[in-house]
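The values are calculated or read from the model by the stated rules, or taken from the named source; none is laboratory data. Small disclaimer: the values here were computed from a predicted structure and weren't measured. Methodologically, a virtual Cβ is constructed for each residue, glycine included, from the backbone with ideal geometry; neighbour enumeration extends over all protein chains shown.
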């Protein structure tokens, strides 16, 4: 009986610090997750207002490419002509705004200046923004030759991928893709590939 009480006491002494240490970490993790969820909720609400369509009825993709990348938005339902029209209006407007160095919409949506924006604004004459309608939506193709502009575009798109949680690759080397996975004609296909499609 005495031996079992000693073992129980030793076990309690050893387990108590583990329990006490684990609880603050669990609370900290819950707090971090709560802050993350609140941030994403804010991005989505502000984004819906800025874009003029619901993030729940559409899908965003941010694609990296050697010469820049693309912002792509599609309506989740082919019959959702309202979202389709809103997407095309928004993206064509964004292409014009970005060309002028105006990034107020993503700054409003994210509540901060996204990485890459200062350089993209400063180097606006070095960057091309082209709106392209695609099946169920549209895309803004962003291209540049200038190395600093390309780095800024990639920083901007990686930030969008992370903040919108799209799951798109953030690794430029891994951005190689099958053109068949793209919505509509692949904007990254080489000219000889496009002619074969």
Restricting the range 43-59 to residues that are within 14 Å of the chain's Cα centre (by Cα) and either in a helix (DSSP H, G or I) or surrounded by fewer than 20 Cβ atoms within 10 Å (Cβ to Cβ) (or both), the residue that is modelled with the highest pLDDT: 59
Qualifying residues in the range 100-123 (those that are surrounded by 15 or more Cβ atoms within 10 Å (Cβ to Cβ), farther than 19 Å from residue 164 by Cβ and touching a residue at least 24 places away in the same chain (Cβ under 8 Å)) - the one farthest from the chain's Cα centre (by Cα): 123
Taking the range 140-174, which residues are at pLDDT below 90, part of a helix (DSSP H, G or I) and either surrounded by fewer than 13 Cβ atoms within 10 Å (Cβ to Cβ) or over 16 Å from the mean Cα position of the chain (by Cα) (or both)? 173, 174
Whether any residue in the range 63-77 is more than 19 Å from the chain's Cα centre (by Cα) and surrounded by 15 or more Cβ atoms within 10 Å (Cβ to Cβ) is what I want to check. no
